[in-house]
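See structure below.
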Amino acid sequence: MPRKNTPKSDAAEAEEGAPEATDSSNNANDTSSHIEPVLGAIASLRADLEGFKAAICQTIEAKTAAATAELRRDLADLKTENDAALASLRTKMEVNAQSIKELADATSTSSDTVRGLERVVETLQEQVSTLTEKCIDLEGRSKRQNLRVAGLREGREDGRDGRELAALLLKEALDLDELPLIDRAHRALRRRQGDDEPPRHFIIRVHYSHTFEKIMKKVISTREISFQGQKIHIFRDLPQEVAKRQAAFTTVRKLLRDKPGVRYGLLYPAKLRLSHDGTEKFFTDPDEARRYVARYLEEAGSGRK
């Protein structure tokens, strides 16, 4: 039969628990004895760490202070250099600005001077052009009764006076009724040509203007002029510039030559007079005259007048 559990009394339990309390107390004492050295070691390590930390912080602060000081010195040196460079640059800029101002003033003055000179040059050009035309006109007036004879062999004077030879030449070559009165007669003022070169022109000044006009009419109406078996040419003695201007119309005159119903002529100094179909035109520009004549001939050729 099972045994019955008999409840223990409080006293008995107290007696049984007493040994266990004693064991716990002993264990606590043993643990305390082991923890204290660890805590001491941790405290020592903490102190060492604090020392290391303080040393590291001091080193970092010292390095930082040294780097900061060096950086400040470099920045100060750089600022000094920059200030000096900026001051030099500012001085140069001021000098350049002054130079530019002086150049601008000089350019303005030069521009005004050039404009003044341009006006003076234009005035002088007009005066030169006017004086040139006057000189040409005066030269033409001084030669208005002069004749040039081309092709007269050198030495035909044969010791005679030039005026005598000129009067005889004009009378015989143009079949004049009497010997014309001649003021002057001479060869062109240049060196004598060789035997194989064309002879110098023979220049004649006729005394009376009406005699000169009569001679020119004879020259125009005579196709071939000869003197003592030698072919010669007689034409007006014109200023060189007038001769050039008249020669510029040579092409136009060739185009108009022998054209039916067309009359033309050159007026002094160099003006082309053209008449056709009841219309009269005057040209001082050879190119303009050539274009007009070419257009007229084209229209005449196509029957559209």
If I take every Cα pair under 8 Å that is 6 or more residues apart in the chain, average their sequence separation and divide by the length, what percent do I get for the relative contact order? 12 percent
Scan around PHE227 for amide H atoms under 5 Å from its own, H built in the peptide plane at 1.01 Å from N, and keep only partners 5 or more places away or cross-chain. ILE232
At 1.4 Å probe size, with no ligands or nucleic acids counted, give the accessible surface of LYS63 in Å², nearest ten. 140 Å²
Distance violations [Cα-Cα > 30 Å] among LYS218/LYS271; LYS217/LYS271; LYS79/LYS101; LYS171/LYS281; LYS143/LYS254: LYS79/LYS101; LYS171/LYS281
Taking the 0 to 90 degree range and rounding to the nearest ten, how far is the long axis of helix 209-221 tilted relative to the main principal axis of the chain, both from C-alpha atoms? 80 degrees
Options (i) 20.4, 76; (ii) 20.0, 62; (iii) 65.4, 209 are given for Rg and Dmax of the Cα atoms in Å, and the computed one is (iii)
When you count, for each residue, the other Cβ atoms within 10 Å and take the mean per peptide, how do 117-123, 253-259 rank with the highest first? 253-259, 117-123
Which of the peptides 69-82, 232-245 is most tightly packed, and how do the rest follow, judged by the mean count of other Cβ atoms within 10 Å per residue? 232-245, 69-82
Rank by packing, highest mean first: peptides 90-100, 172-182, with packing defined as the count of other Cβ atoms within 10 Å averaged across residues. 172-182, 90-100
Table column - 3J(HN,Hα) (Hz), the range 189-195, Karplus curve with 6.51, -1.76, 1.60, x for Gly and Pro: 7, 8, 5, 5, 7, x, 5
The range 241-305 accessible area per residue, 1.4 Å probe, protein heavy atoms, integer Å², reads 67 Å²
Considering the options ALA173, THR250, MET216, tell which one lies farthest towards the positive end of the dipole of the chain, charges being +1 on Lys and Arg and -1 on Asp and Glu at the Cβ, about the Cα centre. ALA173
Taking Cα centroids, how far is the range 170-194 from the range 35-72 in Å? 135 Å
Carbon + sulfur, % of accessible area of the chain - ligands and nucleic acids excluded, 1.4 Å: 53 percent
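The values are calculated or read from the model by the stated rules, or taken from the named source; none is laboratory data. Remember, it's a predicted structure, so these values are computed and weren't measured experimentally. Backbone-built Cβ (ideal geometry, glycine too); neighbour counts: all protein chains shown. These area figures cover heavy atoms from the full protein model, side chains too; ligands, DNA and RNA do not enter into them. Shrake-Rupley method; radii C 1.70, N 1.55, O 1.52, S 1.80 Å.
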